[in-house]
Amino acid sequence: MSLNKKTILIIEDNEEAILLYGEILRAENFDVIETSHGKEALAWLDSAQTVPDLIMMDLSFPHMSAKEFVTQLRQQENFRQIPVLVISGNVETQELARGLNASGFIIKPFDLDDFVSTVKRIIQSPRDPIHAS
């Protein structure tokens, strides 16, 4: 991974969605790590040489809940400050994202420009309050 690129860890079990997100983000010059569930993401984090600048995750994936993932993530000192962006088609996405103390959320289907601007905003200002997209 390049030192000047920002790294985004994606957790998404839908193969088409993860390919789409990866393609969009790589076109914007991000390094992208793709995982299909929370346990896989935690394993990657534990073995990685770098800490991602953002974790972008769906609310629903196999093997553990989004809440379990975020709880385990926040228990680890090195990962507490990583901003989390929730992306979901769930009509309650905003409320659920707030419950996870996420830095932001995107409701599917989304506008491409809004998607990219939300990702960039969170990476540049990860401690801002949650914003709609």
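The values are calculated or read from the model by the stated rules, or taken from the named source; none is laboratory data. Quick caveat: nothing in here was measured; it's all calculated off a predicted structure. Backbone-built Cβ (ideal geometry, glycine too); neighbour counts: all protein chains shown.
What to note about this one:
- Of all residues in segment 31-45, those being in contact with a Gly (Cβ under 9 Å, 6 or more places away or on another chain) and not aliphatic (A, V, I, L, M) number 1.
- Among (1) among the acidic types (Asp, Glu); (2) surrounded by fewer than 19 Cβ atoms within 10 Å (Cβ to Cβ); (3) modelled with pLDDT of 95 or more - the single one Asp128 does not satisfy: (3)
- Verdict on Phe110 being crowded, with 16+ Cβ neighbours inside 10 Å and touching a residue at least 12 places away in the same chain (Cβ under 8 Å): no
- Some residue of segment 66-79 being crowded, with 18+ Cβ neighbours inside 10 Å and not in a helix (DSSP H, G or I): no
- Meets criteria (under 20 Å from Leu112 (Cα atoms) and either out of contact with any Lys or Arg (no Cβ under 8 Å at 6 or more places or on another chain) or part of a helix (DSSP H, G or I) (or both)) for Leu42: no
Results for (1) surrounded by fewer than 16 Cβ atoms within 10 Å (Cβ to Cβ); (2) more than 12 Å from the chain's Cα centre (by Cα); (3) under 13 Å from Thr7 (Cβ atoms), shown as yes or no for each residue.
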{"site": "Leu45", "(1), (2), (3)": "no, yes, yes"}
{"site": "Val51", "(1), (2), (3)": "yes, yes, yes"}
{"site": "Met57", "(1), (2), (3)": "no, no, no"}
{"site": "Pro62", "(1), (2), (3)": "yes, yes, no"}
{"site": "Val86", "(1), (2), (3)": "no, no, no"}
{"site": "Gly89", "(1), (2), (3)": "yes, yes, no"}
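- Boolean, Glu34 is charged (D, E, K, R) and touching a helix residue (DSSP H, G or I) at 6+ places or on another chain (Cβ under 7 Å): yes
- Filter pass, Ile33 being modelled with pLDDT under 95, under 24 Å from Gln124 (Cα atoms), part of a strand (DSSP E or B) and aliphatic (A, V, I, L, M): no
- Residue satisfying condition, being in contact with a Gly (Cβ under 8 Å, 6 or more places away or on another chain), hydrophobic (A, V, I, L, M, F, W, C) and either within 18 Å of Arg121 (Cβ to Cβ) or at pLDDT below 95 (or both), within set Ala102, Ala48, Ala27, Ala97: Ala97
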